[in-house]
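None of the figures in this text is laboratory data; all of them are computed from the coordinates on show. Quick caveat, the model's predicted, so the values are computed rather than measured. Cβ coordinates were reconstructed from backbone atoms using ideal geometry, including for glycine residues, and neighbour counts include every protein chain displayed.
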Amino acid sequence: MNSKKSKVTGCILGLGLLLAAGQPAQAMTVTQLEVTKGAVNYGGQHHEMMDRLLGQAGVLKMGHYQAIGEIVPSIDKAGETFSLFTSGFSGAPAPSAMISGSSIQVDLSSLFFGVGRGDSYHTLNIGGLATGLFNPETREFMVSWDHLFDNGQHEGQATFFLSGIAKFNALPTPIPAGLVLYATGLFGLGSWTWWSRRADMSVAV
């Protein structure tokens, strides 16, 4: 009887392990990136203003396009206004981010740099697929991406950097694997005890 009980219990616990292994650790949807600082390594035109804009504290919203002045405040200098914004007019998707453990990937292909003077406004795509590190405990991130300019006044490769805090909504957290295993084991042992007593009562009658 004890041997049979051990075998059944082992099978139940094994099933619990399989169920626990199938539980995801945690699903996260990034809602926005709070940028605390950034920079660009680029020697082309307007590199100084790009660097100044990226160096400001700002917010990048995921899943949404942001107009001029919404990511960081625009900068006025010598009759020109320099800005950052995101847009889908070139077919690029709205920004999105994916976190996997200590890694983060951000699609910033819709990020633009703009220069306004009077009634004219010129735009330049500076985006790309940014990758970097994420700290699950502090929610701090640091990403970088390369962008190749090849449109006359702007030529050469630029490397962009951003760091800050990631904000996200945690989806319903699955039952911890250990709890699944523990509960499954208790249920199995309880069921076996009840079944054994029932069998003993049947024999006695």
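Computed from the C-beta positions of THR138 and ILE75, the FRET efficiency with R₀ = 35 Å rounds to 0.75.
Given in Å, the Rg to one decimal and the Dmax to the nearest whole number for the Cα atoms of segment 52-118 are 13.4, 47.
Here is the P(r) of segment 28-170: all C-alpha pair distances, binned every 10 Å from 0, give 12, 45, 33, 9, 1 in whole percents. Of the residues PHE82, PHE89, the one with the fewest other Cβ atoms within 10 Å heads the list, and the complete ranking is PHE89, PHE82. Taking the Cα centre of segment 28-170 as reference, the dipole from Cβ charges on Lys and Arg (+1) and Asp and Glu (-1) amounts to some 280 debye. Estimated from the Cβ-Cβ distance and a Förster radius of 30 angstrom, the FRET efficiency linking ASP146 and SER90 is about 0.95.
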